[in-house]
Amino acid sequence: MSDLTLTNITKSFGKVEVLRGIDLTIRSGEFVSLLGASGCGKTTLLRIVAGLEGVSSGKVEIGGSDVTDLPPEKRDIAMMFQSYALLPHMSVSDNVRFPLRMRRVGNREEQDAKVKAALETVQLTHLADRAPRQLSGGQQQRVALARAIVSNPKVLLLDEPLSNLDARLREEMQVELIEIHRRIGLTTLFVTHDQDEALSLSDRVVLMNAGEIEQEASPREIYDAPATAYASSFLGAANLVPARIEGNVARLADGQTLPVSAGSPDGKATLALRQENVDFLDEGGLTATVITRVYLGSRHRYILDLAGQKISVLAPASVMLEPGAQARIGIAPDRVRILPA
Amino acid sequence: MTDRRETWLFLLPGLALLVLGFVLPITRMLVLSVQGPDGFTTDQFARFFQDGFYPSILWRTVYLSAIITAVCAVIGFPLSYIMARSGPRVRLWLVIMVILPLMTSVVVRTFGWMVLLGRNGLIASTLRDFDLVGRSFQLMHTETAILLGMVQVLLPFMVLSLLGVIVRLDPRLEEAARTMGCSFLQTMRMVVLPLAAPGLLAGSILVFTLSASSFVTPALLGGPRIEVLAGSIYKNVTQTLDWNFAAAQAVILFAGIALLLVPYLRLGRRAHG
Amino acid sequence: MVRAVPGWLRVGAWVFVALAAVFMLAPLVVVMGVSVSASQFIAFPPNGFSFRWYERALGSPAYLNAFWLSLNLAVLVTISASLLGGAAAIGLSRGGRSGGAVETFFLSPLVLPSIIFAIGLLMLWSAVFGPTSFQALWLAHTVIAIPYVIRTTLAVLAERDPFLEEAARTMGATRLKRLWFVTLPQCRPGLLAGAFFAFNISFDEAVLSLFLRNPNLTTLPVQIYGQLEFSPDPTVAAVSTLMILITIALMLILERMLGLTRFASG
């Protein structure tokens, strides 16, 4: 277990700049998510940490020593791939033993014990002699996890390891990952495009956009207080509505006004409104036109036209409005986040 | 008309041609090999094995083919790995480099080697210029000449067999091995080579079979004194006109190839599970 | 994998590829060099430059006859192998339980050394029809060309949308219309590639042609082989160079129309 420090990492493929100066420090034992849309450079950054990709400039340090020029096999890291990358010609236990064998960790008996312990951690002891292709996707995923933790690496790298699982298995694995991380506390860098995964698993979320770090903060902070329009739209799919701030109110394009917390400078701004924070009122509030209603079981999603802007709003199943009807909506002033226009 | 019947309608003309032009001729050859003036006989086979001359030809055919196969594998594996892992442009050029010779007549390619390997050819004269060999140095009409020519003729088959398997290997497997502590060469040995084994096996079978049964290149590069089994068959068919003996030799070639391939095929099946 | 492959290995790989390229292409380059030599003797590097050996080759009835025979043969083989192989591939792609065994049978001329089949065909033909003829060569070359057509066509058919034919059915297309408007257009690239290979194989084939040859039935490769056995002179190099150029032309057309790499790794 060690710190991981990235200093001013840049990376270009030909003329395409994929990473533009990334600075990031991960404390020993911390679980950090790299969150972003596809093409934002998060996977490239992970592969640079692994040593599978070189940097154009910058420095990678693990446990205080510079590993920028070391090949992957000399970095003492472990990586879990999206496709799991289990070696098809080896049994489950040989796959898990592989990093120990290659790194010459202990003798045969010690390796056996470690393999057994790792397989116990992921509850797969009974499948030790199977071939990978005989396992289900979820089981293969656990083997990959066992193989990644067995050598007690300085840094554990996870490249969207849950994205090939169906929704229910994914939630189960999330819980399991949290528990395993709490128990053995490896320094972990986790790449994902799924905000729920990032928020529920990590100590810290690093949001990336176009090769740069957009915001890094704790899950709660980044969700409740996104620093930029991109952050607020990426996390929780907030509705962005242009407005003018005039003291304690925000004036929308069609002239309607909405009370907001004081303290923001007057002038043009963007309001970030989360869909779950919008309430349907009997009277007062803002007027919006219903465009579409989608039944979600426990509630409805409404697509509304608010001052010429399409917004998405969640409502209790009891709220029944037909397309074309006028809805009255309100948002508590402290729930309206004001971002620079 | 049912779908099933329609399917057979598509298959039938080709099947008929294959039976008439392929199965019947081979049957005819098998029959001739055991046919004497008074009906069934194994005389031709006895003649082959009693005379010391023909077993030595058989032995030369086998070991030359084994060496050719091994050399093709040793060159072919890295070459096809490089092809599989290079970008589309480089790969196209490498494919051309392999396919152009393959698609050129074996007679033409052998001619090229005759020029290169001749007494005053490029190779011999270069070696003489650097005083690496004596005045009487001769490459033509040696087993080395056959080896050089045959490897060039057969390498494409090995490369194409391997390439088909290696391009389908997930490069993430190699990356995973690297993150688990394998150096590049260890990754080749522990991951790529075992997973490419089916292609290596198929390529080796093909190269060995083709090598054991070819006579154009050995005859032209090896000369009349270094004979191989296929060349002997050709001679018996076209010069001595001893067809029954030729048929017997063809059966021996056929059986020998099958005999050597059975363990290979078993091995292959086990590798596939 | 910038970091992942050590530098010395990258350099080594380039050197290796360069050596392999020299090894693979040297015989062809040498033949082309000899063909433009001014000298009477076969020598490489060539002495001087002249096209006289091409004039000599084009004025030689033996070479010209062999060329026309080979060309006739290759064209007919291309047609027969494409028709039979294409039909067989369509039949095979429709599968059925016995499909694997039938496919193995169709491809067996690829695996079985042609010398074994050549000697059998010669014996059978002599027993039934007497001396070998053009038809014997046509049959022999068609047998070995069919597997190539089947392989390229099957490779293309394996990538197609399996529901297209059913879709055509729901749109009211009859059997023949489905074949003409759906199946055949899907086969086209594979069939075309197979046809190129069939032509190339027949035109360059030496083993079957040598076994079935007679004084009136000498293909171009057999004619070259005969010269090489006895008295090679630069005329052979000129003819060989023309054969290489035909191969290159075929390859260029194949690459332009369909892409070589696609059929190289299948």
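Odds and ends about this structure:
- In plain terms, the bigger the Kirkwood radius, the slower the diffusion; for region A:237-340, with that radius from Cα pairs, at 10 °C and 1.306 mPa s, Stokes-Einstein puts D at 115 µm²/s.
- When all protein chains stay in place and ligands, DNA and RNA are ignored, the 1.4 Å accessible-area order of C:126, C:202, largest first, is C:126, C:202.
- With every protein chain in place and a 1.4 angstrom probe, the accessible-area ranking of A:105, A:96, largest first, reads A:105, A:96.
- Fully extending the segment from residue C:68 to residue C:9, taken as 0.36 nm per residue of separation minus the present Cα-Cα distance, adds 16.2 nm.
- Put simply, the C-alpha atoms of region B:57-272 give a gyration tensor, and the ellipsoid matching it has half-axes of 34, 24, 15 Å, longest first.
- Cross-link reach list, aspartates and glutamates versus residue C:177, counting only Cα pairs under 17 Å and skipping chain neighbours closer than eight places: B:3, B:6, C:165, C:166
- Each eigenvalue of the Cα gyration tensor of the protein assembly as shown, multiplied by 5 and square-rooted, gives one semi-axis; in descending order these are 67, 33, 28 Å.
- Think of region A:2-224 as having a plus end and a minus end, set by charges on the Cβ of Lys, Arg, Asp and Glu; of A:105, A:16, A:49, A:105 sits farthest toward the positive end of this dipole.
- Average accessible surface for chain A: 44 Å² per residue, computed with a 1.4 Å probe over protein heavy atoms with every protein chain in place.
- Stokes-Einstein translational diffusion, chain C - Kirkwood Rh over all Cα pairs, 0.692 mPa s, 37 °C, in µm²/s: 153 µm²/s
- Residues in region C:179-208 reached by a label modelled at residue B:9 [backbone nitrogen below 15 Å; 7 Å Cα→Cβ]: C:179-181, C:183-184
- The label-point distance for residue A:116 and residue B:125, in a model that sets each label 7 Å from Cα toward Cβ, rounds to 7.4 nm.
- Estimated at the nearest 10 Å², the accessible area of residue B:125 is 40 Å² with a 1.4 Å probe.
- When the charge dipole of region B:143-199 is built from unit charges on Cβ atoms (+1 for Lys and Arg, -1 for Asp and Glu) and taken about the Cα centre, the candidate among B:182, B:193, B:158 whose Cα reaches farthest toward its positive end is B:182.
- Calculated FRET value between residue A:28 and residue A:178, using beta carbons and R₀ = 22 Å, to 0.05: 0.75
- Kirkwood hydrodynamic radius of region B:186-228, from inverse mean 1/r over distinct Cα pairs, in Å: 12.6 Å
- In nm, spacing of pseudo-spin labels at residue B:86 and residue A:317 (7 Å Cα→C-beta vector): 6.4 nm
- Per residue, the convex hull around the alpha carbon atoms of region C:91-142 comes to 100 Å³.
- Note on residue B:103: accessible area is roughly 10 Å² with a 1.4 Å probe, heavy atoms of protein only.
- The residues packed around residue B:117, meaning those with a beta-carbon under 14 Å from its beta-carbon, carry a net charge of +2 if Lys and Arg are +1 and Asp and Glu are -1.
- Rg/Rh ratio calculated on Cα atoms of region C:104-187 (Kirkwood radius): 1.20
- Residue A:208 sits among other residues whose Cβ lies under 9 Å from its own Cβ, and their net charge, with Lys and Arg +1 and Asp and Glu -1, is -1.
- For region A:2-224: relative contact order, % (alpha-carbon pairs under 8 angstrom, 6 or more apart): 30 percent
- Projected-area average for region A:3-43 over all orientations - Cα convex hull basis, square nanometres: 3.2 nm²
- Listed residues C:221, C:61, C:189, most fluctuating in chain C (Gaussian network, C-alpha, under 10 Å): C:61
- Net charge contributed by nearby residues that have their C-beta within less than 12 Å of residue A:270 (K/R +1, D/E -1): +3
- Solvent exposure ordering (accessible area, 1.4 Å, most first) of B:204, A:83: A:83, B:204
- When the solvent-accessible area of chain A is split by element, carbon and sulfur atoms take up 47 percent of it, the probe being 1.4 Å.
- For chain A, a Kirkwood radius taken over Cα pairs fed into Stokes-Einstein (37 °C, viscosity 0.692 mPa s) yields D = 145 µm²/s.
- Two-site FRET efficiency, residue A:251 against residue A:296, from Cβ-Cβ distance with R₀ of 35 Å, rounded to 0.05: 0.60
- Cα Rg, Dmax (largest Cα-Cα span) when computed across region A:107-213, Å: 14.9, 48
- Modelled spin-label separation between residue C:55 and residue A:289, with each label point placed 7 Å from Cα along the Cα-to-Cβ direction: 9.0 nm.
- Residue A:89 sits with roughly 70 Å² accessible to a 1.4 Å probe, with DNA, RNA and ligands left out of the calculation.
- Expressed in Å, the radius of gyration and Dmax of the Cα atoms of region C:42-184 are 21.9, 71.
- Note that region B:57-272 presents 39 Å² accessible area per residue, ligands and nucleic acids not counted, probe 1.4 Å.
- FRET efficiency estimate (nearest 0.05) - Cβ-Cβ, residue C:216 to residue B:239, R0 22 angstrom: 0.70
- Inverse of mean 1/r across different Cα pairs in region C:1-115, Kirkwood, Å: 20.1 Å
- Pairs with C-alpha atoms separated by more than 30 Å, drawn from the list A:268/A:310; A:11/A:154; A:116/A:154; A:74/A:116; A:42/A:114; A:11/A:74, are A:42/A:114.
- Candidates C:68, C:125, C:180: whichever shows maximal mean-square fluctuation once chain C is modelled as a Gaussian network with Cα springs under 10 Å: C:180
- Gaussian network model of chain B, springs between alpha carbon atoms under 10 Å - residue of B:62, B:108, B:207 with greatest fluctuation: B:108
The values are calculated or read from the model by the stated rules, or taken from the named source; none is laboratory data. All of these numbers come straight from a predicted model, not from anything done at the bench. Glycine gets a Cβ as well: all are built from the backbone with ideal geometry, and neighbour counts include every protein chain shown. Side chains included, ligands, DNA and RNA excluded: accessible areas come from the protein's heavy atoms. Shrake-Rupley method; radii C 1.70, N 1.55, O 1.52, S 1.80 Å.
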